[in-house]
1. Are any of the residues in the range 293-315 among the polar types (S, T, N, Q), free of Cβ contacts under 8 Å to residues at least 12 places away in the same chain and surrounded by 15 or more Cβ atoms within 10 Å (Cβ to Cβ)?
2. Can you find a residue that is exposed (fewer than 11 other Cβ atoms within 10 Å of the Cβ), assigned by TED's automatic domain parsing to the domain that holds Val308 and assigned to a helix (DSSP H, G or I) anywhere in the range 260-271?
3. Of all the strands (runs of 3 or more DSSP E) wholly in the range 340-388, which have at least 2 residues that are touching a residue at least 24 places away in the same chain (Cβ under 8 Å) and among the small types (Gly, Ala, Ser)?
4. I need the strands (runs of 3 or more DSSP E) fully contained in the range 131-249, keeping only those with at least 2 residues that are in contact with a strand residue (DSSP E or B) (Cβ under 9 Å, 6 or more places away or on another chain) and of a type in the set (S, T, N, Q).
5. Among the residues of the range 325-345, is there at least one that is surrounded by fewer than 17 Cβ atoms within 10 Å (Cβ to Cβ), under 14 Å from Thr253 (Cβ atoms) and touching a Phe, Trp or Tyr at 6+ places or on another chain (Cβ under 9 Å)?
6. Which residue pairs have Cβ atoms closer than 9 Å, lie 6 or more positions apart in sequence or on different chains, and pair a first residue in the range 83-108 that is at positive phi with a second residue that is not in a loop (DSSP other than H, G, I, E, B)?
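The values are calculated or read from the model by the stated rules, or taken from the named source; none is laboratory data. Note that this is a predicted model, so its numbers are computed, not measured. All Cβ positions, even for glycine, are placed from backbone atoms using ideal geometry, and neighbour counts span all protein chains on display.
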Amino acid sequence: MNKYKLGKMTHAMFEGYALLEIIRNADDEICNSKIIEANKTFESMFGVSCDGLTDKSLGKVLPEAYEKLLIAAGNTGETDEVRQFEFSLGETDRQFLARVFNLTSDRMVLFFIEVTLQTKAKDGFRLHEVLFENAHDIILYISLDGKIVNANKRACQQYGYTKEQLLRMTIHDIRHPDTTSEYKPQMQTADNDGITFECVHVRSNGQTFPVEVSAKSNYTKEGHFRVHIIRDISLRKESEEKIIWLAKYDPLTGISNRANFIADLDEEIKRSTRNRTRFAVMLFDIDKFKHINDQYGHEAGDLVLRHVAVSAQKVLRAGDKIGRFGGDEFVILQTGINGCNDVEALAKRIQDSVSTTIEYKSIPLNVKISIGISIFPKDAIEEKNLLHCADKAMYKVKRAGGGAFQFFTPCIFPCTENRLCLDGYKWPEDSNL
């Protein structure tokens with residue numbers, strides 16, 4: 001192994017690194033230099049690919065640095081002296097400092113750091129102006145009447161305007177019109193203590209995006225201004241929305257998860273108790289689903305689950321709810337029913353929509369479901385018992401061969417079958433339910 005090859009260690013360095021082979025002429029003068037290896041920082045710093053860098057001349061890769069390298073490195077052989085020089089990258093205003101170390105007469109190490117900001121400050125730029133222009137966040141200076149009096153590069157990039165255009169605009173031109181009423185109280189707080197708030201801003205193309213604004217009043221020699229430091233929080237909002245969505249919905253099927261459905265069911269119990277109305281709970285699972293998973297794999301099973309969720313959801317009314325309880329178990333809440341005919345009609349629509357043959361990789365999969373039904377308040381008045389009644393009815397269907405629906409039938413005390421007894425509750429008289 002080459003004793004100079006530093007390997008993976010160099011890729012962890014914050015400085016750009018390159019190892020050169022020095023080629024000399026008959027007079028022992030440097031006439032060329034080949035790059036033996038370079039690290040990832042060098043790659044990103046100068047916009048080159050390390051893969052195709054080996055054996056290339058430094059003069060071709062960094063012509064701006066090559067002449068200065070010859071002067072700094074000198075024509076001496078092995079030396080312990082570390083030399084350095086500065087150079088600009090092409091036509092850009094980016095400045096770099098290179099440190100040169102001769103390992104031997106034919107091996108040289110270079111380390112690079114970017115010193116653009118330091119150079120600008122040294123050349124007469126005030127440091128805060130350098131930081132203002134190169135800040136990652138949008139920075140706007142706003143007069144008390146709302147006019148934009150200064151804007152940094154990030155502002156131009158994010159809003160899609162030139163600096164000259166922004167300086168002819170007001171803060172209201174980039175805030176969404178719906179936020180107008182919030183502006184005055186926000187600025188009053190900014191003048192007193194400073195404020196951080198969320199808002200919606202508008203780009204030049206009309207696209208809106210959420211931002212977090214930190215606003216504070218400042219007194220300068222030029223007058224009284226407000227400084228707005230503005231951060232695009234689109235990614236954060238997307239993450240928050242995704243977390244909120246995942247807390248309520250099943251990621252595979254897109255319908256309510258167990259916790260969300262139970263919350264809806266509890267709310268419906270309260271509403272129906274208050275309004276003296278009735279609703280149905282339909283619990284169902286997929287017949288022989290385990291066989292589909294075992295025979296064709298979970299990808300086939302997932303296809304069936306999505307088919308069932310989409311097909312059942314299509315036949316529901318706007319006020320009805322559907323949820324996945326886990327595995328192949330689903331539940332439906334049918335609100336505002338008048339009698340068993342309403343429930344039977346929906347159960348049949350669900351069966352007709354779901355029960356079909358779908359294809360998985362040209363393999364036909366026969367889908368059938370078994371539905372158990374309970375009625376509030378006839379069968380139970382609590383969420384847990386309503387689900388239990390529906391579950392008992394569903395398993396009665398499955399024992400009979402599946403592919404059908406069944407209402408819960410309470411047993412007569414003493415209980416001789418594996419059914420739920422709700423002893424002591426006096427049901428409302430209703431011949432239809």
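1. Taking every residue of the range 293-315 in turn, at least one turns out to be among the polar types (S, T, N, Q), free of Cβ contacts under 8 Å to residues at least 12 places away in the same chain and surrounded by 15 or more Cβ atoms within 10 Å (Cβ to Cβ).
2. Taking every residue of the range 260-271 in turn, at least one turns out to be exposed (fewer than 11 other Cβ atoms within 10 Å of the Cβ), assigned by TED's automatic domain parsing to the domain that holds Val308 and assigned to a helix (DSSP H, G or I).
3. Ranges flagged: 369-376.
4. 208-220
5. Yes, there is a match, as at least one residue in the range 325-345 is surrounded by fewer than 17 Cβ atoms within 10 Å (Cβ to Cβ), under 14 Å from Thr253 (Cβ atoms) and touching a Phe, Trp or Tyr at 6+ places or on another chain (Cβ under 9 Å).
6. Every condition considered, the pairs that remain are Gly90/Pro63; Gly90/Glu64.
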